[in-house]
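Notes follow once the structure below has been shown.
Throughout, read-outs are computed from the coordinates displayed, never taken from laboratory work. Bear in mind that the values here come from a model prediction, so they are computed numbers and not experimental data. Note: ideal-geometry Cβ built from the backbone for every residue, glycine included; neighbour counts use all protein chains shown.
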Amino acid sequence: MATPPESHQLDPKNWVKAYADYLYMYAITRVNDAEQAQDLVQETFLAGLNAMSKFAGKSSERTWLTAILKNKIIDVYRKKASGLRTQELVNTGGEDADFFDATDGHWKAEHAPQPYGIENYDPLEGKELRGILKRCMEKLPPLWQSVFAMKHMDDEATETVCTELKISPANYWVIIHRAKLNLRACLQKNWI
C-alpha cells in the first residue's frame with residue numbers, strides 16, 4: 001500500500017490534544033450523554049489506531065476521525081432503536097387533522113408555528129436555545145431521537161436512516177413528523 005502524502009500523515013500521539021474537544025462536542029450534540037460521548041471519543045481513537053493502515057490520505061486526520069466517530073454514533077442509534085418497535089407505526093391521519101387544514105394542508109391558525117424571536121442572532125440566546133433544544137430532544141423516545149439526529153443533524157439521506165435503523169420509509173415519515181411536532185411544541189412552551 002502506498003504511503004499517504006506527507007501533508008496527510010497520521011500523528012496519533014497528538015490526537016487527544018488536537019481533536020478530543022472537537023470530537024467530544026460532535027458526539028455530545030448527537031447522543032446527549034456526557035459519559036457516552038467520552039466513551040465514543042475514546043473508542044474512536046482506538047478504532048483509528050487499529051485502522052491506521054487503511055488511512056488513504058484522501059482526507060485530513062480530523063475528517064477521518066470524525067467519520068469513524070460518526071459510524072460509532074450510528075451504532076449507538078441502532079442500539080437505541082433495536083427492540084423498541086413492537087408494532088408498525090401507522091399514520092392514521094387523525095393527528096394531521098388536529099394541526100392541518102384538510103383542504104389545503106396548511107397549518108390551522110391556532111396551531112401555526114409562532115415566531116421564535118431570534119431574527120437578530122445573539123450568541124447568548126443561541127446558547128440558551130441550544131440548551132432548550134437539547135432538553136426537548138431528551139424527552140423524545142430514543143428511536144425518534146435517533147431518526148431526527150441522523151436526518152437533521154448529520155444530514156443523512158432518508159434511505160440511509162431507514163437502512164441503518166431498520167425502519168420502513170412509512171415509519172420514517174411518521175416518526176420524523178411526530179418528532180418535529182413534539183420538538184416544536186416543547187420549544188414553543190420553553191423558549192417563547
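The phi-based Karplus calculation (6.51 cos²θ - 1.76 cosθ + 1.60; θ = phi - 60°) puts the 3J(HN,Hα) values of segment 166-175 at 6, 10, 7, x, 4, 5, 4, 5, 5, 4 Hz, whole numbers, x for Gly and Pro. A full extension of the chain between Lys180 and Leu133 corresponds to an added length of 15.8 nm, given 0.36 nm per residue minus the alpha carbon distance. Take the alpha-carbon centre of segment 14-34, take the same for segment 140-187, and report the distance between them in whole Å. Centre-to-centre (Cα) distance: 23 Å. Note on segment 6-81: dipole from Cβ charges, positive end direction compared against Ala47, Ile73, Asn32; the farthest Cα belongs to Ile73. Would you list which lysines come within 17 Å of Lys13, measuring only between C-alpha atoms, while excluding same-chain residues fewer than 8 positions from it? Partners found: none. Is segment 134-192 rounded, prolate or oblate when judged by the Cα gyration tensor, a ≥ b ≥ c being the square roots of its eigenvalues, rounded requiring a/c under 1.5 and prolate requiring a/b larger than b/c? In terms of gyration-tensor shape, prolate. Here the Karplus curve 6.51 cos²θ - 1.76 cosθ + 1.60, taken at θ = phi - 60°, turns the phi angles of segment 66-75 into couplings of 5, 5, 5, 4, 4, 5, 5, 5, 4, 4 Hz, with x standing for Gly and Pro.
Cross-link pairs exceeding 18 Å in C-alpha to C-alpha distance, out of Lys72/Lys151; Lys17/Lys72; Lys80/Lys139; Lys134/Lys180, comprise Lys17/Lys72. Here Lys58 is the anchor, and the lysines within straight C-alpha reach of less than 18 Å, apart from those fewer than 8 places off in the same chain, are Lys70.
Once you have the Kirkwood Rh of segment 25-80 from its Cα pairs, apply Stokes-Einstein at 37 °C and 0.692 mPa s and quote D in µm²/s. Value of D from the Cα-based Kirkwood radius: 283 µm²/s.
Taking other C-beta atoms within 10 Å as the exposure proxy, Val147, Val161 rank Val161, Val147 from fewest upward. Using a simple spin-label model with pseudo-atoms 7 Å out from Cα toward Cβ, Asp21 and Trp173 lie 4.5 nm apart.
Loop-located trypsin sites (Lys or Arg not before Pro) across segment 142-192 with a Cβ neighbour count of 11 or fewer within 10 Å are Lys166, with loop assigned by DSSP.
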